[in-house]
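The values are calculated or read from the model by the stated rules, or taken from the named source; none is laboratory data. Since this is a predicted model, take the numbers as computed values, not measurements. FYI the Cβ positions are ideal-geometry reconstructions off the backbone, even for glycines, and counts take in every protein chain you see.
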Amino acid sequence: MSDATIKLQQSEWTKNRRLCLGRLCDEANLQKLRDMPGVISANNADEKCLEIIYDLRQTSLFHLEQALHEMGFDFTPDLFESIKFAVYRYTEHIQIKNRVLDTGWDVWVRDVYLNEYRDRQHGRRDLRVQQWRKYVKDPGVTE
């Protein structure tokens with residue numbers, strides 16, 4: 001796989017979100033966010049917003065919002081922000097579902113090929129009767 005393909009795959013699953021919380025996030029809560037599985041970085045962007053970079057294969061915006069809510073941060077976004085986050089959640093959900101379907105298809109195809117290989121006759125595949133094999137020279141063997 002080329003470096004460009006790897007970077008494309010990483011950028012496809014790496015999400016960078018800016019969440020406006022209304023107040024500054026203290027260092028203890030930032031560390032809790034950083035310790036969550038899939039969170040690459042979490043920093044205060046300014047006095048009211050938090051910038052989080054995370055891997056969608058391990059966590060999602062929904063889980064991050066739940067964690068922030070448990071820390072005492074309540075989202076009160078305006079209409080535009082609400083619509084934006086609804087679209088983010090929807091696209092992340094679809095992207096995760098497509099990943100599961102792709103993985104499932106690959107597993108299914110692999111299982112079909114393995115079962116075919118297992119059921120196939122192995123060894124010498126000479127369809128002649130045993131008695132004929134003794135007396136008829138094999139055309140593939142040269143003396």
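For Leu127, the conditions (1) over 16 Å from the mean Cα position of the chain (by Cα); (2) at pLDDT 80 or above are fulfilled apart from (2).
Within region 68-78, identify whether any single residue is among the polar types (S, T, N, Q) and under 16 Å from Leu30 (Cα atoms), and answer yes or no.
From region 68-78, those among the polar types (S, T, N, Q) are 76; that's our starting set.
Add one more test, that the residue is under 16 Å from Leu30 (Cα atoms), and what stays is none.
No - not one qualifying residue is present in region 68-78.
Can we say Glu51 is at pLDDT 80 or above and acidic (Asp, Glu)? Judged against the criteria, Glu51 is a match.
Every residue, every condition in (1) loosely packed, with under 10 Cβ neighbours inside 10 Å; (2) among the aliphatic types (A, V, I, L, M); (3) at pLDDT 85 or above, yes or no:
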site: Asp35; (1), (2), (3): yes, no, yes
site: Leu56; (1), (2), (3): no, yes, yes
site: Ser60; (1), (2), (3): no, no, yes
site: Gly104; (1), (2), (3): no, no, no
site: Asp111; (1), (2), (3): no, no, no
site: Arg118; (1), (2), (3): yes, no, no
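Give me the residue from region 1-20 that is out of contact with any Cys (no Cβ under 6 Å at 6 or more places or on another chain) and modelled with pLDDT of 80 or more and, out of that set, surrounded by the fewest Cβ atoms within 10 Å (Cβ to Cβ). Taking the candidates together, the pick is Asn16. Note on region 70-91: residues that are part of a loop (DSSP other than H, G, I, E, B) and of a type in the set (Asp, Glu) amount to 2.
Scan region 56-69 and give yes if some residue there is polar (S, T, N, Q) and either assigned to a strand (DSSP E or B) or within 21 Å of Arg23 (Cβ to Cβ) (or both), otherwise no. Among the residues of region 56-69, at least one is polar (S, T, N, Q) and either assigned to a strand (DSSP E or B) or within 21 Å of Arg23 (Cβ to Cβ) (or both), which makes the answer yes.
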